[in-house]
Amino acid sequence: MKSYKFEIFTSPLEKNIREGIYKPGHKLPSVRELKDKYQLSTSSVQNGYEYLIIQGLVESIPKSGYYVSRQFSKSDEPIKTNRTPIIRDALFENNLTSITSLRKGRKLSEFNVAAPGDLLVPQKLILRTMQQVIREQGASLLRYYPSNGLPDLKENIAKRAAGYQTILNPEELLITDGALQALYVALASVCSAGDVVAVESPCIFSTLEVIRVLNLKVIEIPTDRENGFDVDFLKKACVKNKINAVLLTPNFHNPTGILLTDEKKKALLSVVQDYEIALIENDIFGDLNFNGTRPTTIKSFDNSGLVMTYSSYAKTLAPGIRLGWLSAGKFIQRAEQIKFSLGSTVSPIYQETVNRLLSTSSYEKHLKAFRKQLAKNASLTLDLLSENFPKGTSMTVPAGGYSIWVKMPESADMNYFYAQCEKIGVRFTPGYTFSFSDTFPNYFRVVFADAYTPKRIEAIRQAGQFFP
């Protein structure tokens, strides 16, 4: 069979088009580009494109160039591929979808994503600060930063923590790529595969996944609006089991919004000290109190070094600011080794930007306005749920944070509810994602960290009509 010079470029183009790698409308290389790349004459390249046009794969647009034909359907010819099937964890995929934004324009009303909405993010403040940092720091932002984090940033984090009676030693601080990495480092510092950890229940999906990835065993400690974290239950668990770590969110727990009292925090600390157990404290929502002063941390009462506290700026500034921190206490040596193994440097631009915000009054001013808006959103959400959901529906009243934990009557058909919500483009987080066991089938979480438009208000009203 006769071969042609132009096949050197038409063959790979044809393969990519037929396999769907190049989609209809994809712009293809110019005649000049192909001529230079393959050392062909202009006529050879043009003949090659003419061949692809005849095949129905390519179209020519005058004064613009060559494009994958919009009339081409890859179903016209069977696709031959050597790709192997990808096997996914169906439960993980389902749960991940339940907590993640699908970003389908404005079609969805999402109450399932625990992150500030675009209209509540201080975009101008963040971008202006980033621009200032880039102008001043220049090319130095392209280099590695200290593996444990920018010293000035750690000093500012410690200085701010002192304002809510928490003493953080900058030498025990690690700057991490978000809160989830901080949690991973903390857990990996004190646990090995097969060890037992105690977690609050309900517990957020991301924490449960880190536990699963590390192959740890779990004891779920009941957490409810009447009692908060059940310290007595933990005591009994410690008597019967060797527990390596306790994980909880004492300040505005996700999903219930509960704030533990100082007495409860001290009682919990006493238990872990008695049994020499590491306590990993998630303080990511600590700055988001609706009323009064910023709550204390369990770390503020600890003098044993057993408490590891972590947080990030994804919930208070913007979800794309991938910068967190971990105060590792007596476990710092192991923690910094694990942190280094995960990547030695957190984004310099994020570190310098957050450091700049903490160095001025900008962060505190933003928090003041943000907390006020969240409190309004929480009140509105509670009213909408109370007015539009059936009798027998109960819900927590958050003292801060992002979320409300809703319990439906036992008779409620939750599968039908989620299916109908999906049809009208409304998303809540199902209760089953908050436990390894089927503990919360009749619960769901509502996140109120986005601006309330008429469409979002109507979405909650409509959702309540799916129950008899």
List pairs: first residue in the range 442-462 and open to solvent by 30 Å² or more (accessible area, probe 1.4 Å), second residue of a type in the set (S, T, N, Q) anywhere in the structure, Cβ distance under 6 angstrom, at least six positions apart or on different chains. ARG461/ASN388
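Which of the following residues is at pLDDT below 95 and out of contact with any strand residue (DSSP E or B) (no Cβ under 8 Å at 6 or more places or on another chain): ASP224, ASP274, ASP262? Steps first, answer last, please.
Details: ASP274 fails: at pLDDT below 95; ASP262 fails: at pLDDT below 95.
Just a single option satisfies the conditions, and that option is ASP224.
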For the range 320-342, what are the residues that are out of contact with any Ser or Thr (no Cβ under 9 Å at 6 or more places or on another chain) and either assigned to a loop (DSSP other than H, G, I, E, B) or crowded, with 19+ Cβ neighbours inside 10 Å (or both)? GLY320
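Kindly indicate whether PHE233 is out of contact with any Pro (no Cβ under 9 Å at 6 or more places or on another chain), among the aromatic types (Phe, Trp, Tyr) and open to solvent by 10 Å² or more (accessible area, probe 1.4 Å).
On the way: out of contact with any Pro (no Cβ under 9 Å at 6 or more places or on another chain): no; among the aromatic types (Phe, Trp, Tyr): yes; open to solvent by 10 Å² or more (accessible area, probe 1.4 Å): yes.
No; evaluated as a whole, the condition is false for this residue.
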Kindly establish whether LEU180 is under 16 Å from the mean Cα position of the chain (by Cα), of a type in the set (A, V, I, L, M) and open to solvent by 20 Å² or more (accessible area, probe 1.4 Å). yes
Since ARG83 meets every condition but one in (1) surrounded by fewer than 14 Cβ atoms within 10 Å (Cβ to Cβ); (2) modelled with pLDDT of 85 or more; (3) assigned to a loop (DSSP other than H, G, I, E, B), which condition does it not meet? (2)
Is it the case, given these coordinates, that GLN132 is surrounded by 10 or more Cβ atoms within 10 Å (Cβ to Cβ), at pLDDT below 90 and either more than 29 Å from GLU33 (Cα to Cα) or out of contact with any His (no Cβ under 6 Å at 6 or more places or on another chain) (or both)? no
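Tell me the residue from LEU269, LEU247 that is assigned to a strand (DSSP E or B) and closer than 19 Å to LEU187 by Cα, please.
Numbers: LEU269 fails: assigned to a strand (DSSP E or B).
The match here is LEU247.
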Tally, over the range 277-292, of residues that are among the charged types (D, E, K, R) and either open to solvent by less than 10 Å² (accessible area, probe 1.4 Å) or in contact with a strand residue (DSSP E or B) (Cβ under 6 Å, 6 or more places away or on another chain) (or both): 2
Tell me, yes or no, whether the range 293-305 has at least one residue that is within 17 Å of the chain's Cα centre (by Cα), charged (D, E, K, R) and surrounded by fewer than 23 Cβ atoms within 10 Å (Cβ to Cβ). no
Out of the range 308-346, which residues are among the β-branched types (Val, Ile, Thr) and more than 29 Å from ALA449 (Cα to Cα)? ILE332, ILE338, THR345
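Quickly run through the range 1-45 and pick out the residues that are under 16 Å from GLY56 (Cβ atoms), open to solvent by 80 Å² or more (accessible area, probe 1.4 Å) and among the polar types (S, T, N, Q).
Restricting attention to the range 1-45, the residues satisfying the condition of being under 16 Å from GLY56 (Cβ atoms) are 10, 13-20, 22-26, 28.
Then keep just the ones that are open to solvent by 80 Å² or more (accessible area, probe 1.4 Å); that gives 15, 23.
Selection gives nothing.
If you take the residues of the range 399-421 that are among the aromatic types (Phe, Trp, Tyr) and open to solvent by 10 Å² or more (accessible area, probe 1.4 Å), which of them is farthest from ALA114 (Cα to Cα)?
The initial filter retains those residues of the range 399-421 that are among the aromatic types (Phe, Trp, Tyr), namely 402, 405, 416-418.
Remaining after also requiring open to solvent by 10 Å² or more (accessible area, probe 1.4 Å): 405, 416, 418.
Working: TRP405: 13, TYR416: 24, TYR418: 18 Å.
My answer is TYR416.
Would you confirm, using the coordinates I've provided, whether LYS376 is over 26 Å from CYS203 (Cβ atoms), open to solvent by 10 Å² or more (accessible area, probe 1.4 Å), at pLDDT 95 or above and not in a loop (DSSP other than H, G, I, E, B)? Break it down into steps so the answer makes sense when it comes.
On the way: over 26 Å from CYS203 (Cβ atoms): yes; open to solvent by 10 Å² or more (accessible area, probe 1.4 Å): yes; at pLDDT 95 or above: yes; not in a loop (DSSP other than H, G, I, E, B): yes.
Spelling it out, LYS376 is indeed over 26 Å from CYS203 (Cβ atoms), open to solvent by 10 Å² or more (accessible area, probe 1.4 Å), at pLDDT 95 or above and not in a loop (DSSP other than H, G, I, E, B).
The values are calculated or read from the model by the stated rules, or taken from the named source; none is laboratory data. If you're wondering where the values come from, they're calculated on a predicted model, not measured in any experiment. Methodologically, a virtual Cβ is constructed for each residue, glycine included, from the backbone with ideal geometry; neighbour enumeration extends over all protein chains shown. Please note that ligands, DNA and RNA were not included when accessible areas were found on the heavy atoms of the full protein model with its side chains. Shrake-Rupley method; radii C 1.70, N 1.55, O 1.52, S 1.80 Å.
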